[in-house]
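**Student:** Please find one structure pasted underneath; my questions will follow.
The values are calculated or read from the model by the stated rules, or taken from the named source; none is laboratory data. Please read these numbers as outputs of a predicted model, since none were measured by experiment. Cβ placement follows ideal geometry from the backbone for every residue including glycine, while neighbour counts extend to all protein chains displayed.
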Amino acid sequence: MLEIQDAVTRILACVSTVEAESVAISGAFRRVAAESVSSAVDVPPWDNSAMDGFAVRAAEASAGARISIVGEGAAGRPLEGALPVGNAAAIMTGAPVPEGADAVVMVENTDGGRDGSVTIEVAPAPGANIRRRGADIAVGDVLVRAGQRITPGVAGLLASAGVAEVKVRKRLRIALLATGDELVEPGGTLGPGQIYSSNPVALAGLIEEAGGEPVLLGAAPDDLDGLVERMRVGLDADALLTTGGVSVGRYDLVKDAFEVLGIGMDFWKVRMKPGKPLAFGVARHGGRDVPVFGLPGNPVSCMVNFLEFVRPWMLASMGVEQPFLPMVEAVALTPIHETPGRAKLLRVTLEETPLGWGCRSTGSQSSGVLTSMARAHGLLFRSPEQGPVALGERVRVQLFDPSFLDRADPGL
């Protein structure tokens, strides 16, 4: 039985870099930059006003001074010409600062202006309320690095510098095949002993979050010929994920299907909880190597295996610099009973405490309790030799969502 890191190493040895394509910046969210992009312009492109108010020469705008207004500048409609000596210009937020002005007085620090002049009530310092040219982005600044995932903020940054298209890695097409006669699509009618199929729905979301494209193949019956036929269709994708059928029961047929399809099984079983019965191999199909992941059927085990093994393979294949879930330290706010023997990935919530991050168990850690994943912010990692989590113990937690660290109220 492999350790987690050994399994990850074997899977990442099967990475091959995905081809690149150019896409409109509006469609680049969650894509991975295939090349670094530097700015060809300054942002902002000229000194502009940070406030609604009046552009002045600071030396002429002492408290109590009354200054004639010569015109108005607005975003998209700048004041024409230089600001004459001894005059002010009404100016709106974002408008270019006219030549000659070196400060903007907020309208709140004036009488508002009337009868063609304005009285200054609070004198401005030179440079007050002016955003300088290139203060955000200067020509030559790197906007996105090759291997960086494009977030909405990064997409906005690129757009602000006039970038209309960006070269990104193609989205990986990941085929999803559930297995089992007991599975019924959500919305269907359950028969005796049947359950709704949830794993493909959860996995499709995880695939999209990782920047891939899920290809849903439905559910295969507990029949080897039917399973082989559906898996063969899935090999047309960049990778195939099956769920269920990888344990040791009479109807656990995925390993047999590997053999029929000529999929070289690299390993089966990882020393971890949940997620022990993971099968992994590579199929040679259509002149390509196609990774095949046989994920467990229990919903928590299925999702954890995806996060620990499939997600890193996907991100590494798309050239992401850091393909693993981010890790933070936290203090255990509740004890969690566990026994040594396998690496444990325990579902926890995170919250702020006076001592930093704290974590709590989401409740039952059974691999069939999907609410434990739905409520969790991350996975508390325990090595095989570690037992129960003690109250107050410092632990390591893998975060599902890195943006969680930026939340104003991380406990919610």
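**Student:** Just one of GLU35, GLU21 is closer than 30 Å to GLU165 by Cβ, touching a residue at least 24 places away in the same chain (Cβ under 8 Å), outside any loop (DSSP other than H, G, I, E, B) and acidic (Asp, Glu); which is it?
**Tutor:** GLU21
**Student:** Looking at VAL310, VAL233 in this structure, which one is within 28 Å of GLY378 (Cα to Cα), β-branched (Val, Ile, Thr) and not in a strand (DSSP E or B)?
**Tutor:** The match here is VAL310.
**Student:** Test each condition in (1) of a type in the set (Gly, Ala, Ser); (2) assigned to a strand (DSSP E or B); (3) closer than 19 Å to ASP238 by Cβ for ALA316 and report the one that comes out false.
**Tutor:** Going through (1) of a type in the set (Gly, Ala, Ser); (2) assigned to a strand (DSSP E or B); (3) closer than 19 Å to ASP238 by Cβ one by one, ALA316 breaks only (2).
**Student:** Inside the stretch 229-242, can you point out the residues that are buried (at least 19 other Cβ atoms within 10 Å of the Cβ) and more than 29 Å from the chain's Cα centre (by Cα)?
**Tutor:** Residues satisfying the conditions are ARG230, MET231.
**Student:** Kindly provide the set of residues from the stretch 83-124 that are surrounded by fewer than 16 Cβ atoms within 10 Å (Cβ to Cβ), farther than 24 Å from VAL43 by Cβ and under 47 Å from the mean Cα position of the chain (by Cα), ordered by number.
**Tutor:** Residues satisfying the conditions are GLU108, GLY112, VAL122.
Residue-by-condition table, conditions (1) modelled with pLDDT of 95 or more; (2) of a type in the set (Lys, Arg); (3) over 24 Å from ALA7 (Cα atoms); (4) not assigned by TED's automatic domain parsing to the domain that holds VAL290:
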residue: LEU177; (1), (2), (3), (4): yes, no, no, no
residue: ASP181; (1), (2), (3), (4): no, no, yes, no
residue: SER198; (1), (2), (3), (4): yes, no, yes, no
residue: GLU208; (1), (2), (3), (4): yes, no, no, no
residue: VAL254; (1), (2), (3), (4): no, no, no, no
residue: PHE258; (1), (2), (3), (4): no, no, no, no
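**Student:** Oh, and also: Only one residue in VAL118, VAL105, VAL85, VAL122 is assigned to a loop (DSSP other than H, G, I, E, B), over 29 Å from ALA24 (Cα atoms), of a type in the set (Val, Ile, Thr) and touching a Gly at 6+ places or on another chain (Cβ under 8 Å). Which one?
**Tutor:** VAL85
**Student:** Would you check which residues across the stretch 328-361 are in contact with a His (Cβ under 9 Å, 6 or more places away or on another chain) and of a type in the set (Val, Ile, Thr) and list them?
**Tutor:** Answer for the stretch 328-361, where residues must be in contact with a His (Cβ under 9 Å, 6 or more places away or on another chain) and of a type in the set (Val, Ile, Thr): VAL348, THR349.
**Student:** Something else now. For the stretch 342-365, name all the residues that are touching a residue at least 24 places away in the same chain (Cβ under 8 Å), surrounded by fewer than 12 Cβ atoms within 10 Å (Cβ to Cβ) and not hydrophobic (A, V, I, L, M, F, W, C).
**Tutor:** If the condition is that a residue be touching a residue at least 24 places away in the same chain (Cβ under 8 Å), surrounded by fewer than 12 Cβ atoms within 10 Å (Cβ to Cβ) and not hydrophobic (A, V, I, L, M, F, W, C), then GLY356 is the only one that fits.
**Student:** Taking PRO98, is it touching a strand residue (DSSP E or B) at 6+ places or on another chain (Cβ under 7 Å), outside the structural domain of SER38 (by TED's automatic domain parsing) and outside any strand (DSSP E or B)?
**Tutor:** Yes: the conditions hold for PRO98.
**Student:** Any residue in the stretch 117-134 that is among the charged types (D, E, K, R) sitting within a Cβ distance under 7 Å of a residue that is surrounded by 13 or more Cβ atoms within 10 Å (Cβ to Cβ) and in a strand (DSSP E or B)? List the pairs, counting only those 6 or more apart or interchain.
**Tutor:** Note: pairs meeting the criteria are GLU121/THR110; ARG131/ASN48.
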